[in-house]
Amino acid sequence: MDTSLTLLLGLEAIGYFFWILFTRNKNSFNRNIISTLMFVLALVILYRIFVLNIDFGLVLSIATFLAALSWILGSIVSIDELRKESKSYFFILLAITIIRSFAYEPYQIPSRSMVPGLQVGDFVLVNKHAYGLKFPGTNYLLTELKKPARNDIAVFIPPHTICDASPFDARPDLGTLSTDQSQLFLNKFLKLQKDRCTANGIKYVKRVIGIPGDKVEIKGYEMWINGNKIDQEVISSINGESLIKETIDDKTHVIRSLGITEYAQHNWTVPEGSYLAIGDNRDNSLDSRAWGYFSENTLVGKAEYIWLHWNSFSNLPTFTRNQKID
């Protein structure tokens with residue numbers, strides 16, 4: 001665990017002990033001082049958690065457990081205030097934890113990689129049970145895995161954002177590539193990992209294009225899956241920017257192109273347990289074309305609804321983009 005966070009949690013625990021001591025001794029002055037210090041420490045701890053990118057579901061689970069312990073402790077030491085407040089916090093935290101970990105989690109779109117379907121500032125609801133239930137903040141499955149389908153808008157943690165991930169996590173088939181191809185991929189992956197990785201990884205949202213066993217080929221903007229060319233129809237083209245209706249497995253969505261990667265070529269045979277994910281904004285998306293596959297073990301959920309749009313703090317949030325995600 002992070003040393004600073006450990007120290008802060010230790011100080012908070014010491015403060016909690018003295019709060020109980022001063023409360024039992026009816027020393028209101030010292031208790032008020034300790035309460036203020038504990039509140040400030042709690043804010044610093046939350047900031048540190050945000051900096052470390054610790055999964056908020058795990059944080060909520062731990063907070064719920066601590067509220068339960070505090071409730072029990074309040075009964076043992078006969079402090080009604082502690083018992084009653086801890087009890088109310090426990091049920092509130094438990095409800096939030098259950099909803100967020102097993103039903104739906106809010107997620108804000110941070111980049112333009114899924115334009116035009118998802119815009120920067122869109123807040124989406126991520127279905128946390130779409131691919132099976134996991135213990136909060138971990139990859140441990142509580143139910144059977146439900147595999148993603150082509151076209152799903154999946155939220156996951158790609159391997160290059162995890163500092164201790166290996167290039168083989170991103171390309172289990174790395175040994176089958178030519179020397180030039182494998183070296184090119186290694187150089188790109190390791191550079192991305194160095195620039196972007198955190199201990200727990202970063203959540204991405206992309207469209208699932210290839211599932212285990214699929215043979216996927218891309219030439220420019222044209223795509224073949226298992227030898228079948230994907231239907232594409234240009235909707236509009238203005239100043240080099242084109243919107244293209246793309247149909248995969250009888251499901252239609254719109255992608256955006258700028259003509260930048262007209263001659264790019266890629267070939268994949270997706271390994272078991274891995275998935276190929278590409279952004280709808282084909283010329284402005286850091287996706288499987290750069291960092292390889294993502295694993296079914298790092299699935300977070302399926303993005304299903306846009307429930308709010310808030311572009312910046314200088315603008316008011318709106319509900320004009322509320323819709324089901326295709």
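Okay, here's what the table says:
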quantity: Check on ALA42, closer than 26 Å to LYS128 by Cβ, surrounded by fewer than 18 Cβ atoms within 10 Å (Cβ to Cβ), at pLDDT 90 or above and not acidic (Asp, Glu); calculated: no
quantity: ASN297 vs. criteria touching a Lys or Arg at 6+ places or on another chain (Cβ under 6 Å) and in the same structural domain as ARG171 (by TED's automatic domain parsing); calculated: no
quantity: Qualifying residue in the range 195-214 (condition: modelled with pLDDT of 95 or more, assigned to a strand (DSSP E or B), closer than 25 Å to SER101 by Cα and in contact with a helix residue (DSSP H, G or I) (Cβ under 9 Å, 6 or more places away or on another chain)); calculated: yes
quantity: Failed criterion for VAL155 (all others in (1) in a strand (DSSP E or B); (2) surrounded by fewer than 19 Cβ atoms within 10 Å (Cβ to Cβ); (3) in contact (Cβ under 8 Å) with a residue 24 or more places away in the chain hold); calculated: (2)
quantity: Tally, over the range 281-326, of residues that are closer than 14 Å to LYS206 by Cα, touching an Asp or Glu at 6+ places or on another chain (Cβ under 7 Å) and part of a strand (DSSP E or B); calculated: 3
quantity: Pair list, Cβ under 7 Å, 6 or more apart: the range 129-151 residue farther than 20 Å from LEU58 by Cβ and free of Cβ contacts under 8 Å to residues at least 40 places away in the same chain, other residue of a type in the set (Phe, Trp, Tyr) and in a loop (DSSP other than H, G, I, E, B); calculated: LYS146/TYR131
quantity: Boolean, TYR16 is more than 30 Å from THR298 (Cα to Cα), at pLDDT 90 or above, under 28 Å from the mean Cα position of the chain (by Cα) and in a helix (DSSP H, G or I); calculated: no
quantity: Conditions (1) closer than 21 Å to ALA264 by Cα; (2) out of contact with any Ser or Thr (no Cβ under 8 Å at 6 or more places or on another chain); (3) surrounded by 17 or more Cβ atoms within 10 Å (Cβ to Cβ); (4) without any contact (Cβ under 8 Å) to a residue 40 or more places away in the chain: number failed by ALA165; calculated: (1)
quantity: Residue identified as within 27 Å of PHE91 (Cβ to Cβ), within 33 Å of the chain's Cα centre (by Cα) and not in a helix (DSSP H, G or I) among ILE49, ILE54; calculated: ILE54
quantity: Lone qualifier among ILE54, ILE33, ILE79 - being within 22 Å of THR97 (Cα to Cα) and either touching a residue at least 40 places away in the same chain (Cβ under 8 Å) or surrounded by fewer than 16 Cβ atoms within 10 Å (Cβ to Cβ) (or both); calculated: ILE54
quantity: Options ILE209, ILE235; residue that is in contact with a Lys or Arg (Cβ under 9 Å, 6 or more places away or on another chain), surrounded by 18 or more Cβ atoms within 10 Å (Cβ to Cβ) and either aromatic (Phe, Trp, Tyr) or assigned by TED's automatic domain parsing to the domain that holds PRO116 (or both); calculated: ILE209
quantity: In the range 168-188, the residues that are part of a helix (DSSP H, G or I) and crowded, with 20+ Cβ neighbours inside 10 Å; calculated: ASP169, ALA170
quantity: GLY279 in contact with a Phe, Trp or Tyr (Cβ under 7 Å, 6 or more places away or on another chain), within 30 Å of LEU133 (Cβ to Cβ), buried (at least 24 other Cβ atoms within 10 Å of the Cβ) and assigned by TED's automatic domain parsing to the domain that holds GLY201; calculated: no
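The values are calculated or read from the model by the stated rules, or taken from the named source; none is laboratory data. Everything numeric here is computed off the predicted structure, so don't read it as measured data. With ideal geometry, Cβ positions are generated from the backbone for all residues, glycine too; neighbour counts draw on all protein chains shown.
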